[in-house]
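Chemist: The following block contains the structure, expressed as structure tokens.
The values are calculated or read from the model by the stated rules, or taken from the named source; none is laboratory data. These numbers come from a predicted model, not from an experiment. Quick reminder, even Gly has a Cβ in these numbers, built from the backbone with ideal geometry, and neighbours come from all protein chains shown. Note: accessible area is taken over every heavy atom of the protein model, side chains too, but ligands, DNA and RNA are not part of it. Shrake-Rupley method; radii C 1.70, N 1.55, O 1.52, S 1.80 Å.
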Amino acid sequence: MDSVAAVEFLQPLEFCFIDADHSYEGCMRDIRSYWDAVRPAGIVSGHDYCKDDLPGVTKAVDEFSHDRGVEVNSVEGNIWWIRRR
């Protein structure tokens, strides 16, 4: 499922929740696309973080947040979020 099509219509976002393509490449593509569509101080969030059967999500979230110098937050239920500066 390609979720980035919505970015063209909904800007600027205050919050988005990503739960589509769980591959590393798909998750990274979604995070990058929505990051640019979210206003400063907005939140990019998603599901399936730190799940052993979906390592691509964790890898993409961790790499993206490290590259941007932002903290990854997570809660029970495998939800993650990062706040845009």
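Chemist: Considering only protein heavy atoms and a 1.4 Å probe, what is the carbon-and-sulfur percentage of the accessible area of the chain? All intermediate terms of the calculation are to be shown ahead of the outcome.
Modeler: Numbers: 2560 of 5000 Å².
Of the solvent-accessible surface of the chain, carbon and sulfur hold 51 percent.
Chemist: Still on this structure: Using a 1.4 angstrom probe on the protein heavy atoms only, could you order Phe15, Phe64 from most to least accessible area?
Modeler: Sorted by accessible area, descending: Phe15, Phe64.
Chemist: Along the positive direction of the dipole of the chain (beta-carbon charges: Lys, Arg +1; Asp, Glu -1; about the Cα centre), which of Gly56, Ser45, Gly26 reaches farthest?
Modeler: So the residue we want is Ser45.
Chemist: Let me check I've understood the local charge: for Ile79, count other residues with C-beta under 12 angstrom from its C-beta, Lys and Arg +1, Asp and Glu -1. What total comes out?
Modeler: Values: positive: Lys51; negative: Asp19, Asp48, Glu76.
Value of the local net charge: -2.
Chemist: Take the Cα gyration tensor of the chain, multiply each eigenvalue by 5, square-root it, and list the three semi-axes largest first, rounded to whole angstrom. Could the numbers behind the result be given before it?
Modeler: Numbers: eigenvalues 69, 43, 24 Å².
They are 19, 15, 11 Å, listed from largest to smallest.
Chemist: Let me ask something additional. For the chain, give me the percentage of DSSP beta bridges that are antiparallel, rounded to the nearest 5 percent.
Modeler: Details: 7 of 12 bridges.
Of all bridge pairs located within the chain, approximately 60 percent are antiparallel.
Chemist: Rounded to the nearest 10 degrees, what's the angle between the helix 24-37 long axis and the longest principal axis of the chain, both from Cα atoms, 0 to 90?
Modeler: The answer is roughly 30 degrees.
Chemist: How far is helix 55-68 tilted off the main Cα axis of the chain, in degrees rounded to 10, range 0 to 90?
Modeler: For 55-68 against the chain, the angle is about 50 degrees.
Chemist: With a sphere of radius 14 Å drawn around the Cβ of Phe64, what net charge do the other residues whose Cβ falls strictly inside it have (Lys, Arg +1; Asp, Glu -1)? All intermediate terms of the calculation are to be shown ahead of the outcome.
Modeler: On the way: positive: Arg29, Arg32, Lys59, Arg68, Arg83, Arg84, Arg85; negative: Glu25, Asp30, Asp36, Asp62, Glu63, Asp67, Glu71.
Here the charged neighbours net out to 0.
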